[in-house]
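Just below is one structure, and these are the notes that go with it.
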Amino acid sequence: MQYRSRPVTVAVDPVSLIISECIAITSAIQKSARSQYASSVSAILGGSPNLIQLVPPPGSTGRRSSKALAAETTENGAGDLAANRWGLRGKKGKSMQDNPLISGFGRLRQELTGVKDIHKFDAVILLYPFLQIIQAKGTAAPTTILALRAIQKFLAYGFIAPVSPRFALAMQSLSAAITHCQFDISDPAQEEVVLLLILHLMEDMLSGPGGDILSDESVCDMMGRGLTICSRPRFSEVLRRTAEASMVRMCQIIFEDLKHLEVEAGEENEALEALDMRTSDAMDDVKIDPAANGTDVPAKVSTESSPDAIEPRPSTSSEKASNGGDTAVSAEAGRSSTSTASDGSESLDLRPYSLPSVRELFRVLVSFLNPHDRKHPDQMRVMALRIIHVALEVAGPSIAKHPALATIAEDQLCSHLFQLVRSDNMAVLQEALVVASTLLSTCRGVLKLQQELYLSYLVACLHPAIEIPREPGIDPSLYAGIPQAPKLVKPPPSQANSGRSTPVPVKDRQKLGMEGGTRKPEARQAMVENIGVLARMPTFMVELFVNYDCDEDRADLCEDMVGLLSRNALPDSATWSTTSVPPLCLDALLRFIQFIAERLDQPAQSEGYPDPEVLRERRRRKKLIIKGTNKFNENPKGGLAYLQEKGIVENIADPVCVARFLRGTSRVNKRMLGEYLSKRGNEQVLDAFIGMMDFKGKRVDEALRLMLETFRLPGESALIERIVKSFSVKYCEGDTPEDVADDEAVYVLTYAIIMLNTDQHNPNFKGRARMVPEDFARNLRGVNGGNNFAFEYLHAIYDAIKGNEIILPDEHDNKHAFDYAWKELLLKTESAGPLVLCDTNIYDADMFESTWNPIVSCLFFVFMSATDDTVYARVITGFDECARIATKYGNSEALDEIIYRLGYISTLNSDAASSTSLNTEVQVGENSVMVSELAVKFGRDVRPQLATLVLFRVVTGSEHVIKKSWKHIIRIWLNLFVNSLIPPFFSTEEERLALPPIPLQTPSQVIDRQKQRNEAGFFSAFTSYISSYAADDPPEPSDEELESTLCTVDCVNQCHMGDVFANISSLPGHSLEALVDSLLEQIPEDNGATAVITVKTENIPTSPTQKPRQNTPIYDPAIIYILEFCTVLALRSQDTVELLGKRVGNALHAILRDASRYHPILVERTAFYLFHLLQASYDFDYIRVPILLHTVSSFSKELLINTSALVLRGLKLCIEKPSPLRNEIMTSPDFWVILRVLAAHPDSSAVVFEILESGITGTPSAIMADNYEEVLSLLNDFATMAHVGSVAEQKADKKSGRKGRPAKQEKPSENAVVTRGIKAIHHIYQLTSRIPHLMKQSHLESNEAWSAYWLPIFQALTTQCTNPCREVRHLAFASMQRSLLSPELTSADHEEWTAIFGEVLFPLILRLLKPEVFSSDRDGMSETRVQAASLLCKVFLQYLVILSKWEGMLDLWLRVIEIMDRLMNSGQGDSLEEAVPENLKNVLLIMSSNGYLVPPSRNPEREELWNETWKRIDRFLPDLRKDLDLDEPVAPEPVPAPEAVAPVVESEKAETEA
């Protein structure tokens, strides 16, 4: 074997060295006072050569044990083996004169004569004289020491090697000799030296090249000898410890060989079983009994040798013969040996040791652990535990594979260990815990239920039922996830009315371990260390979760283990344990998380493992079963109903279904179960329940005991009767047992057994005679079918009841309780199946989901209470790993809690904002830093900085998983934002709105440190202080405050929040919902009474003439931040608009509805956000246009003006493109109210006009019937505003007149207001082209439509024809003229168009005649009057033909004459006095030529027109009639028809425009 030691080479001649050892030993024998031989010539000279040398005949190879060989050699002194080997007796008895021990060395020297190669020398011959010394009784200890040392040398130097002849026989002989060594023990010191050498020699033999050819018997003898030395208290501590070390080393070698047995047999289970079967016959042939295995050294040993000493006869030829004749005996099929095939074997069993010796050694070591065996002290148990620990370390998995060894490990070893861990002896406890952890680490595959029992006990012991102490500054809800008690710990059963005769004291139950009890602090630490060993296995917790937490019948060990570690990791656990326990538990907890994190990137391995979905279903059922059985324990009927509702019990009306469930679960209270089964009406369930038990082959008391182990008998006799009756019927079902006659006999016997149980074990019966077997039999006479029960049968029942009370297991005393529990555990082992070893990550998601809460709570508490940097680092790493796991598996709840706790630690997650009134901007070099209360406080403490760094490391990349914790992140952002530590956004998303940055508070002061350094000095510092004091400025920040602020800035920069915003911009829509909802939750219901930020007046947009109000609402930039962020997210895409638009729109609208309570900056930006969102979401109808516009139009005038910039920008955005939205907005009256209010304000009128123009000039036009009048009205307003242009015109006139020459007049159109007025006139005129379309669109009667569309235009133009600004007035007049002469103006269907005179022209002229109008522009208005008079005449003549058919023709004509009369007498001067007669003359001539104005003589029908005309004209132009001379008939001259007037008008119109 590769692991065995190799011999060392020597520089001296081997034969010479051997002879030297022979001489040294013979000299020692001669010097011995007890030697009866004074000298030995043969020993010194090497003896005389024998002529005849005998060898054992080839046929004498009968199998004999090494013990037989040793005994034979010992008893005969120079026995038959020596006589046969060394020759017959010498002549005349000369050889008898020498000591047989000495003569053997002489013979050896004789045999060594001529030997050149020591490896070819017979190994048995070489060792024989030395073995005689070792085995001879009474040999002096120094002589034995010399012999042992010599043999050690021979083995170490390789003189006895596998190539030596008869090597195997030599090793077996040596083993037999040293295990039966007998020497003089008169000197205790020398005795221990001998024993030490024996230990070392045994160790050398096993570890040397011949160790693998030792037989099972030899190994057992050697190990027995070592155990004896270890267990003798009279030996010194050094010897016992050395013996223990040697045992450990030998066990390492032996159990290492066990692994090689597997390799040789094959790894398959069938091969291992075959190996066990081949060696099963020899299992019982080898025994180790340290107390009686012949290794005890006798107190007195006879020093006389056997008188029948045989002198060996040397022969060199016989050696060759023996080598050729002997053959090596194969150890066993397939097992190789280091010894060669040339090994000779005599009459010994030379098969190498195998499984039998390993099993026996394991069995004996385990037997030492029995806590109820008084023969073995605790010291011996500690030694055995250490050796077993080594065996498990070396070959634990191999032990689990071999049924012969696994059975011992599963039963005796676990049973003893689990009782030893309850020991109060710390040495025993620690070693037991170490062995238990190693056993579970290596053999847990076959220890499923044993592991559950062991870990359940540790959890019960270590989980304190103590509330977590409250720490100042830590919210208890943040660590509420740490369980106060494990799930597996059940409340102790009530002793009242239990039917038990002997109550078990709680103290005894604690000693037994049925309850956790109280353990010493050192014991708790040892247990925690033990759990830590197990937890360091990467798959340990996964296996607990899969095998126990996901099994309906097992405890939730994984959850309980995590809860235990979480609770004990808190600092207060050191008060009931030791200071090492909290860090140990924290380390185990963090390792658990670390292992899950390391498996995150591993590929999922599912082959050969249970389906995770199946396990989830089992966990779901388990929770339902636990809840249902808890309900059953309170109310059986309600519990069963619940279980049926949840599908656990198929049908509660079916007794078999109910009984199957009750029989299969261990979670039902035994007392409640007994009451339920025995209750009237449940007889069928009772029969089905008992019917599931197998009573075959059992006595009545055994069957009764089996039944009563499942439930407790009720207290009422009637209930007991039902149970006993059902039991009796079931017992006799099928073939009736031969000892009972029928079920009636069983019924009576069962009652008698119950009474006997009470009689024998009721403590109240003390002092009175208890029943004896005869009494028991007497009470049952004649009830067995009329006969008596067999007395032997009843006696056996009596003895069983007397020795073991029938009672529920959890009410037994210590021994009975554990024995019963252990028996039940072993019975369930097969049905429970093997433990599934899980080296996979497919269960990590479910396991983390069930365990994250206590872990995160624990990490939070430890972080908040720790002061050590190492703890900070480990906990921070734990938080990070937990977050990675939660993100990987999409566990939003866990991630939200992690973020919440980190935010709490960071101190930035605060609802109450810090004051910003003292914020001071400090210039540091080229950079500026805002020193604030928050920045200073945050920068002083490392803990919040660490938490913040980890928080945003956690958030980055996990944005899609975060749900509820967005609100905490948002609070941090808001607090940093209002203190100028972060910009509004870290991406380009805000460019989507194209808005200026959200305004923040202007710093209270700006300090330039560089400038201060240049002006350093006492006087400058003093002056600065005095000036700041006088100005009531805040004190300048100190260097420490500045340094803290810089730390804060560095920390915030290291958080890389920009990455978070970049990830948010690409989040899917459903993930954005949580973020937007959290953002909207941060909007306060009340804008608050306390100032968050007071913005200085220069930050508030106001008009130049407007004074800021003193009672302006408080400005909070945080709300703007929230609303803008929400809007940006909602506007990201059409999908996000659809998903988020409604909720964001509602939030924005809520601000506007109560706009008076908010600052104008907030209101205007909110309005813009809402208009922007409206434009994007119009198709979804989230925002109602009328409601929005009405809300904005309801603003107070001051608020509307203050918010006009962004309100108009939003409106412009919505109507810039033709769309249904534009149409709906521009037809809303509220829209025009807004524009009309803002059009009058200088700062907003330009934008209003742009909006108006975009609606008019767009294609298609936004002008419709619904907004026609509003458009005209607003255009008219803009045209009216252009009157300011008259000031410039009049100034130019004066300047030109003063200098006497016409100066270059400044064009009024260069004025923006005038320009807008001119454009307004153009647009008014352009509207005439839309009138026909609008009239059709309106579906009005033609006369109504004309009044609705034409008349407003003329009225607007009429108004502007009196505008003081000439440019506007002239354009308006020209536009009116073109409109009045338009061919589409008149209609044959109605007479409404005639209103152009009464509603347009006449009022125009009357207005022009007013002094105030005339005085607005004296020079210009004169000309306008002339133009108006001409226009009146032209229009009248244009439509003369149509008017002639109108009934009101006469009145209209008379009205025209009247207007001309007023113009003539207006007092204007020459220009009008010339123009009026000329225009009137022209009209009269045309009317006359066309036959409308003719004397009555020519047309009597025109008499009235003729008379009335001249009647009125003569009043103001008496000479005109005479000049025209229309009374006399004259020859007709070619006068142009009315139609011919039009060209004249057009030419004049062109002149006017020019």
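Just to confirm the filter: which trypsin sites (Lys or Arg not before Pro) across segment 377-485 are DSSP coil and have at most 12 other Cβ within 10 angstrom of their Cβ?
Passing sites in segment 377-485 are ARG470.
Extension gain, ARG621-ALA189: 0.36 nm per intervening residue step, less the Cα-Cα distance, totals 148.6 nm. Taking each residue as 0.36 nm, the span from ASP735 to LYS766 lengthens on full extension beyond its C-alpha to C-alpha distance by 7.0 nm.
Ligands, DNA and RNA are left out, and with a 1.4 angstrom probe the accessible area of segment 355-439 is 30 Å² per residue. Placing dummy labels 7 Å off each Cα toward the beta-carbon, the span from ALA1150 to SER1038 is 4.4 nm. 3J(HN,Hα) along segment 17-22: 5, 5, 4, 4, 5, 4 Hz, from the Karplus curve 6.51 cos²θ - 1.76 cosθ + 1.60 with θ = phi - 60°, whole Hz, x for Gly and Pro.
Taking the protein heavy atoms of segment 168-220 in the context of the full set of protein chains, the accessible area attributed to carbon and sulfur is 56 percent at 1.4 Å. Remark on THR139: its backbone amide H falls under 5 Å from those of ASP184, a criterion applied only to residues 5 or more positions apart or on other chains, H modelled at 1.01 Å from N.
Relative protection proxy for 534-541, 1056-1063, from highest mean packing down: 534-541, 1056-1063 (other beta-carbon atoms within 10 angstrom). Computed from label points 7 Å out along Cα-Cβ, the spacing between GLU645 and ALA574 is 5.0 nm.
Calculated accessible area for segment 653-763 comes out at 45 Å² per residue, all protein chains present (probe 1.4 Å; ligands, DNA, RNA ignored).
Residue-wise HN-Hα couplings along segment 1406-1421, as the Karplus relation 6.51 cos²θ - 1.76 cosθ + 1.60 with θ = phi - 60° gives them from phi, are 5, 5, 5, 7, 6, x, 5, 6, 4, 6, 5, 7, 4, 5, x, 5 Hz; Gly and Pro carry x.
Accessible area ranking (1.4 Å probe, heavy atoms, ligands and nucleic acids excluded), largest first, for THR1257, THR867: THR867, THR1257.
Please work out the FRET efficiency for the pair GLU613 and GLU824, using the Cβ-Cβ distance as r and a Förster radius of 25 Å; give the result to the nearest 0.05. Efficiency at R0 = 25 Å is approximately 0.20.
Solvent-accessible surface (1.4 Å probe) assigned to ARG149 amounts to roughly 120 Å².
At a 1.4 Å probe, what is the % contribution of carbon and sulfur to the accessible area of segment 833-978?
49 percent
Residues whose amide H comes within less than 5 Å of that of MET930, counting only those at least five positions distant or on another chain, are VAL922 (H built at 1.01 Å from N in the peptide plane). In this simple spin-label approximation, LYS1217 and ALA245 carry label points 7 Å from Cα along the Cα→Cβ vector, and these lie 9.1 nm apart. One chain, two ends: LYS1511 and MET755. Fully extended at 0.36 nm per residue, the span grows by 257.1 nm beyond their Cα-Cα distance. Working note: Karplus 6.51/-1.76/1.60 with θ = phi - 60° gives segment 244-255 the couplings 5, 4, 5, 4, 4, 5, 5, 5, 4, 5, 5, 6 Hz, where Gly and Pro are set to x. Heavy-atom accessible surface of THR1259, to the nearest 10 Å², is about 120 Å², with a 1.4 Å probe and all protein chains retained.
By the gyration tensor of its Cα atoms, with a ≥ b ≥ c the square roots of the eigenvalues, what is the shape of segment 848-1003: rounded for a/c under 1.5, prolate for a/b over b/c, or oblate? Taking the square roots of the gyration eigenvalues as a ≥ b ≥ c, segment 848-1003 is oblate.
Under 5 Å between amide hydrogens, built in the peptide plane, is the criterion, and for ASN784 it picks out PHE789 among residues at least 5 positions away or on other chains. Relative protection proxy for 164-172, 556-564, 1269-1277, from highest mean packing down: 164-172, 556-564, 1269-1277 (other beta-carbon atoms within 10 angstrom).
Surface composition of segment 584-743: carbon and sulfur atoms hold 45% of the protein heavy-atom accessible area at a 1.4 Å probe.
The values are calculated or read from the model by the stated rules, or taken from the named source; none is laboratory data. Keep in mind that what you see is a predicted model, and the values were worked out from it rather than measured. No Cβ is skipped: glycine too gets one built from the backbone with ideal geometry, and neighbour counts run over all protein chains shown. All accessible areas refer to the heavy atoms of the entire protein, side chains included, with ligands and DNA or RNA removed. Shrake-Rupley method; radii C 1.70, N 1.55, O 1.52, S 1.80 Å.
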